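Take a look at the structure below.
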Amino acid sequence: MRYYRDLRPSFADRSGWTLPAVLRHRAGTHGDQVFLDVPDQDVRLTYSEMLAVAERVGGAMLAGGCTSGDRVLILAANSAEYVIGWFGAAVAGLVEVPVNTAYRGSFLEHQVRTVDPRAAVVDPEFVEALLEVEASSMVRTFYVTGTGPDSAAAVARLREAGRTAEPFAALTDAEPPGSLPEVGAADLAAILFTSGTTGLSKGVMMPHAHMYFFADECVSLTRLTDDDVYMSVGPLFHGNAQFLAAYPALIAGARFVLQRKFSAGGWAGQLRRSGATVTNFVGVMMDWVHKQPRRPDDADNRLRCLYAVPLATSIAPDFAERFGIEAFVENFGLTEISMPILTPYGEQRPPGAAGLLVDEYFDVRLVDPETDEEVPVGQVGELVVRAKLPWTMCSGYYGMPDRTVEAQRNLWFHTGDGLRRDAEGWYYFVDRLKDALRRRGENISSYEVEQPILAHPAVADCTVVGVPADAEAGEDELLLVVVPETGGRPSPEELWAWCETRLPAFAVPRYIRFADELPMTPSGKVRKAPLREAGVDEHTADRESAARETAARAT
């Protein structure tokens, strides 16, 4: 039986498993070396500079009325201000709440209302979206990023709406604080929202030790050192960029390169210009890059390790040869549980294997989801997890004690994911056992997609299921099954237009099919399995095909 035994925490003293402690340590050991590198803004901050500005920002937030434990909402695109706001909140003992910039309406309302934030760091372009949700009145002070006319106009707009608003520079230009609170490993560091199953999205409470341990696992997984440059192209409101890129770089003393956004066509150039030695992909990103035209300088880079979840195994050998990659690494984990399953660096693994159990730090079982009884080796079961160290898994779901108890029944965290294990110890992800969806790297709650669509006057009932995407690692495409009101069936185009104004772009269903009724259980719940099995048929409208036909007629 094999296990992952390469994990050795970078900091032995677990009381120092907090972002403020790691930042102060690295400012002492790597003070003059660059930590944060944001090419699109031409910003570089050394470890010492990062500590100094984080402490000014944290002190100013406290002086502005925040107290330890208060939530700080961040609704912003990738930027130096985002990282500074996150680190500033951490050193002040405040709780960072990153929010997806695509959210609006009920999606945004739910998350803001749930966490009751005292402060918000927001880009100018997202101010209107916040003002449109009633819960934004909970925010005492808004800090608007940027320094140009758009930022000034956004501050004025907030003040006109009766809100307290300041430019972000009011934080960064503040005087150094006389003192800052002590931050402990068990203190809450962040609340990251993950998709619901049959209900609203849930705010995962991540203690400082949890975020640290998650990041330090990534240090081990990628063999990150202070000689490395870790480039992230993903959004900072996802853990993929935060505790699987920025924070590991901090722990290792590496340089963290933050790109504004992912571009399949521009990725190789970003890689080359940044000098990145490590980077990561989620979902279909690897496939999109692979489909770009080959260039003679594709391998002209320093990249040694690509962390891809999930790894597109069919194209991996060609991708490695094309871009000169030494190793691919992968894992299985969730925001709630860190990463109990990791792949040994550089080792050939069985096709489809997600990795080996990190048994020194986790207990796991594969169980029957109905009985919680363990299933035999080789059979698919629900992965349930327990941590062996305190505070290295989530503390529950913020403001949702019922969902916390449900997830942690029988003293195990239930992931809702089906895996199997072979006799050698390799784990294989098989399928989700719950109705959460994942499309192009985004977790999506079927409930939160369905509710705005049910408000359409011509929709009597509906449900959303995931169907296979047409690209490897593309995860799900969304199929909307609609029961129309009697005598008033809407067109697919009408429903897509309705969704576009009420849902994030990634949550607009690609496929729409109409039905006389939805299959139901005796208890009145929709049976989604038969709808998934039926999938896309000749009666299903395809948004992408419709768009192509419209473009062809226009030419």
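The values are calculated or read from the model by the stated rules, or taken from the named source; none is laboratory data. Predicted model, so just to flag it, every value in this text is computed and none were measured. Neighbour counts run over all protein chains shown; Cβ positions are idealised from the backbone, glycine included.
From the list Ala152, Ala215, exactly one residue is among the hydrophobic types (A, V, I, L, M, F, W, C), within 18 Å of Gly16 (Cα to Cα) and without any contact (Cβ under 8 Å) to a residue 40 or more places away in the chain. Which is it?
Numbers: Ala152 fails: within 18 Å of Gly16 (Cα to Cα).
Residue meeting the stated conditions: Ala215.
Among the residues of segment 441-459, the ones that are of a type in the set (A, V, I, L, M) and in contact with a Gly (Cβ under 7 Å, 6 or more places away or on another chain) come to 1 in all. Answer with yes or no whether Ser106 is surrounded by fewer than 24 Cβ atoms within 10 Å (Cβ to Cβ), within 21 Å of the chain's Cα centre (by Cα) and of a type in the set (S, T, N, Q). Here the answer is yes, as Ser106 does meet what is asked.
Every residue, every condition in (1) over 20 Å from Trp391 (Cα atoms); (2) in contact (Cβ under 8 Å) with a residue 60 or more places away in the chain; (3) in the same structural domain as Glu109 (by TED's automatic domain parsing), yes or no:
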position	(1), (2), (3)
Arg223	yes, yes, no
Leu236	yes, yes, no
Tyr247	no, yes, no
Gly275	yes, no, no
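To keep it simple, each residue is scored yes or no on (1) of a type in the set (A, V, I, L, M, F, W, C); (2) surrounded by 21 or more Cβ atoms within 10 Å (Cβ to Cβ); (3) assigned to a strand (DSSP E or B).
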| site | (1), (2), (3) |
| --- | --- |
| Trp288 | yes, no, no |
| Arg294 | no, no, no |
| Asp298 | no, no, no |
| Arg302 | no, no, no |
| Tyr307 | no, yes, yes |
| Pro317 | no, no, no |
| Arg322 | no, no, no |
| Ile325 | yes, no, no |
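Report whether or not Arg223 is surrounded by fewer than 24 Cβ atoms within 10 Å (Cβ to Cβ) and farther than 26 Å from Phe506 by Cβ. First the steps, then the outcome.
Numbers: surrounded by fewer than 24 Cβ atoms within 10 Å (Cβ to Cβ): yes; farther than 26 Å from Phe506 by Cβ: yes.
Judged against the criteria, Arg223 is a match.
Do any strands (runs of 3 or more DSSP E) lying entirely in segment 328-378 carry at least 2 residues that are in the same structural domain as Ala407 (by TED's automatic domain parsing) and small (Gly, Ala, Ser), and which ones are they? Explain how you work it out, then say what you get.
Numbers: elements: 331-334, 338-342, 355-357, 362-367.
Hits in segment 328-378: none.
Within segment 53-91, being touching a helix residue (DSSP H, G or I) at 6+ places or on another chain (Cβ under 6 Å) and under 26 Å from Ser201 (Cβ atoms) holds for Arg71, Val72, Ile74, Leu75, Ala76, Phe87, Gly88, Ala90. Among the residues making up segment 213-271, those that are small (Gly, Ala, Ser) and in contact with a Ser or Thr (Cβ under 6 Å, 6 or more places away or on another chain) are Gly239, Ala241, Ala245, Ala252. Determine if segment 282-302 includes at least one residue that is of a type outside the set (S, T, N, Q), touching a Leu at 6+ places or on another chain (Cβ under 7 Å) and in the same structural domain as Tyr397 (by TED's automatic domain parsing). Taking every residue of segment 282-302 in turn, none turns out to be of a type outside the set (S, T, N, Q), touching a Leu at 6+ places or on another chain (Cβ under 7 Å) and in the same structural domain as Tyr397 (by TED's automatic domain parsing). Being touching a residue at least 40 places away in the same chain (Cβ under 8 Å), crowded, with 17+ Cβ neighbours inside 10 Å, of a type in the set (Gly, Ala, Ser) and out of contact with any strand residue (DSSP E or B) (no Cβ under 9 Å at 6 or more places or on another chain) is a property that does not hold for Ala119.
Taken over segment 500-540, residues that are within 30 Å of the chain's Cα centre (by Cα) and surrounded by 18 or more Cβ atoms within 10 Å (Cβ to Cβ) amount to 13.
Here the helices (runs of 4 or more DSSP H) wholly within segment 488-555 that include at least 2 residues being within 22 Å of Asp470 (Cα to Cα) and of a type in the set (Ser, Thr, Tyr) are 543-554. Restricting attention to segment 252-259, does a residue exist that is free of Cβ contacts under 8 Å to residues at least 60 places away in the same chain and among the aromatic types (Phe, Trp, Tyr)? No, the conditions are met nowhere in segment 252-259. The residues of segment 373-410 that are surrounded by fewer than 17 Cβ atoms within 10 Å (Cβ to Cβ), without any contact (Cβ under 8 Å) to a residue 24 or more places away in the chain and hydrophobic (A, V, I, L, M, F, W, C) amount to a single one, Val405.
Just checking, does segment 421-433 include any residue being within 30 Å of Thr18 (Cα to Cα), in contact with a Gly (Cβ under 9 Å, 6 or more places away or on another chain), assigned by TED's automatic domain parsing to the domain that holds Leu311 and surrounded by 21 or more Cβ atoms within 10 Å (Cβ to Cβ)? For segment 421-433, residues within 30 Å of Thr18 (Cα to Cα), in contact with a Gly (Cβ under 9 Å, 6 or more places away or on another chain), assigned by TED's automatic domain parsing to the domain that holds Leu311 and surrounded by 21 or more Cβ atoms within 10 Å (Cβ to Cβ): absent.
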